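Visitor: My structure is below; once you've seen it, I'll send some questions.
The values are calculated or read from the model by the stated rules, or taken from the named source; none is laboratory data. On a predicted model such as this, the values are computed, not experimentally measured, just so you know. Quick reminder, even Gly has a Cβ in these numbers, built from the backbone with ideal geometry, and neighbours come from all protein chains shown.
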Amino acid sequence: MTEDMTHATLIPSLAAIVGADAVLTGAAAAPHYNDWRGRYTGSALAVVLPSDTRQVSEVVTLCAAKRIAIVPQAGNTSLCGASVPLADDGAQIVLNLSRMNRIREFDAVNYTMTVEAGCILADVREAAKQGNRLFALGLTATENICEIGGNLSTNAGGIAVLRYGTARDLVLGLEVVLPDGRIWNGLRALRKDNTGYGLKHLFIGAEGTLGIITAAVLKLSPRPQSSATACVAIAGPEVGVRLLAHLRAVLGDTLSSFELFSRSCLDLVLAHIPGTQEPFAQRHAWYLLIQAEDVLQTPLEAELRGALENFGDGIEEFGTASDAARDWWVLRESIAEAQKREGASIKHDVAVPVSRVADFIAEADIALQQQFPDARNVTFGHMGDGNVHYNVSHRDAARNKDFIAQQEGAVNRLVYEVIRSLDGTISAEHGIGQLKRDILPDFKDPLEYELMHGIKQMIDPHGLMNPGKMF
């Protein structure tokens, strides 16, 4: 069957399921083919926007019968090209779930919320807040546009993993449409269910390669009643590692965020984000943003300040003023957007054991400067859980495009070899997508990769779910 024939028969069939207005082609569909970073652009037969799980099932069943691949898409904020179609294969559709944005149930007593995959993360967090509960998944750059389906498909992390865990830890049950169109209803709001394999964990972090998450039962937490925030200037990342251990011993589980960012990050934010300003009168090389919170009305600010004062050498300056907390968080939350405005960079979303974060930064910096003395490191991330965003570009913006085109592979190899030596991972929270697909086998145990491939083959034998991503 030629592509023209497929298109001619497919589009009316899709329209009969979801409605003609919910099948986009041509210019109307084009924005869905570009990723958030502007790095990947693909093509597809159409963008289909179902309004409920039944429609998703019928669309998938139709595509399975015609052997047409499907690219699941939620908010399309992927940083590794997982949510857009491939550039060289137009014989696929994008299945966008943004219309499926209903909160099906809010159970304050059970501390759960059942939501559809198209719900925007910020809206879910606000709904939890209105019910005096907390949904703890917090992202810095895309919270107002990313959607739950994508958050779960990438096992999103964010700024509160230290206390609450990743998306995987915040899900009790899932509803998933399988590659043949069948619907698995696993929407169980249970904290204990010992009846066999935990199938939900196959789909969380699978980037849509095994099926389409259409709804989820999310785990809620008590809403914090007190909080404290500190901005801390430190001599170097090794101080941050020691300070983290110290604060965990003093503050316990009230410590929820421990974010690291370098001077180069702050310079980009000040240059590109209006209204931002230096956190202190003096400039420093490294900064930490620390947050503690408690469900009790406790004097956390005094406790945090006391813990910082008693730490010892390495802290150059700090502040705990509550009225400045929002301004400090804007600095951290704006790093990704500032980088985007500055231009492309070679991004690394890596993780090592928390105790080795400073080792990774030091070793990668030395190796990078030896081979690429004109490179600029923009280093930041979630030190509290060992996740570092180690991004590299050329110091001269005019030369950056050529630098990335010519040296990306060499820079990646250098950084990833340091990661390998420290028993880390090449993807901590952004996923694999297209960006890391080809190098994944080199950083997975061969048997582990074989088992992953076998699961993919068993559940999606025709390779119709998000082809070219992860595998």
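Visitor: Of (1) in contact with a helix residue (DSSP H, G or I) (Cβ under 8 Å, 6 or more places away or on another chain); (2) surrounded by fewer than 19 Cβ atoms within 10 Å (Cβ to Cβ); (3) in a loop (DSSP other than H, G, I, E, B), PHE106 satisfies all except one. Which?
Guide: (3)
Visitor: Right, another one. Looking only at segment 174-186, which residues are outside any loop (DSSP other than H, G, I, E, B) and surrounded by fewer than 20 Cβ atoms within 10 Å (Cβ to Cβ)?
Guide: Within segment 174-186, ILE183, TRP184, ASN185, GLY186 qualify.
Visitor: Please find, among ARG248, ARG305, the residue that is among the basic types (Lys, Arg), without any contact (Cβ under 8 Å) to a residue 24 or more places away in the chain and under 28 Å from GLY165 (Cβ atoms).
Guide: Going through ARG248, ARG305 in turn, the sole match is ARG248.
Visitor: On to the next question. Inspect all residues belonging to segment 187-195 and state whether any of them is touching a residue at least 40 places away in the same chain (Cβ under 8 Å) and buried (at least 20 other Cβ atoms within 10 Å of the Cβ).
Guide: no
Visitor: Quick one: how many residues across segment 157-173 are β-branched (Val, Ile, Thr) and surrounded by fewer than 18 Cβ atoms within 10 Å (Cβ to Cβ)?
Guide: Number of matching residues: 0.
Visitor: Restricting to segment 376-400, and then to whatever is in contact with a strand residue (DSSP E or B) (Cβ under 6 Å, 6 or more places away or on another chain) and without any contact (Cβ under 8 Å) to a residue 60 or more places away in the chain, can you tell me which residue is nearest to ARG242 (Cα to Cα)?
Guide: Only one residue tops the list, namely GLY386.
Visitor: Please count how many residues of segment 435-465 are within 24 Å of VAL56 (Cα to Cα), assigned to a loop (DSSP other than H, G, I, E, B) and out of contact with any helix residue (DSSP H, G or I) (no Cβ under 9 Å at 6 or more places or on another chain).
Guide: Going through segment 435-465 one residue at a time, the tally reaches 2.
Visitor: Moving to a separate point now. Please count how many residues of segment 396-438 are of a type in the set (Phe, Trp, Tyr) and surrounded by fewer than 19 Cβ atoms within 10 Å (Cβ to Cβ).
Guide: Number of matching residues: 0.
Visitor: Next up: Restrict the check to segment 385-394 and report whether at least one residue is modelled with pLDDT under 95 and of a type in the set (Asp, Glu).
Guide: No, segment 385-394 has no match at all.
Visitor: Quick one: in segment 123-147, which of the residues that are within 16 Å of VAL330 (Cα to Cα) and hydrophobic (A, V, I, L, M, F, W, C) is surrounded by the most Cβ atoms within 10 Å (Cβ to Cβ)?
Guide: LEU139
Visitor: Being within 23 Å of GLY158 (Cα to Cα) and among the basic types (Lys, Arg) is the requirement here; does LYS192 meet it?
Guide: Criteria not met by LYS192.
Visitor: Scan (1) of a type in the set (A, V, I, L, M, F, W, C); (2) outside any helix (DSSP H, G or I); (3) at pLDDT 95 or above for the single condition ALA65 breaks and write down its number.
Guide: (2)
Visitor: Let me ask something else. Go through segment 2-25 and count every residue that is exposed (fewer than 13 other Cβ atoms within 10 Å of the Cβ), of a type outside the set (Ser, Thr, Tyr) and either outside any helix (DSSP H, G or I) or at pLDDT 95 or above (or both).
Guide: Here the count works out to 4.
Visitor: Show the residue pairs that are 6+ apart or on different chains and have beta-carbon atoms under 9 Å apart, the first residue being within segment 319-330 and within 11 Å of GLN277 (Cα to Cα), the second being part of a helix (DSSP H, G or I) and aliphatic (A, V, I, L, M).
Guide: Final answer for the pair search is VAL330/VAL269.
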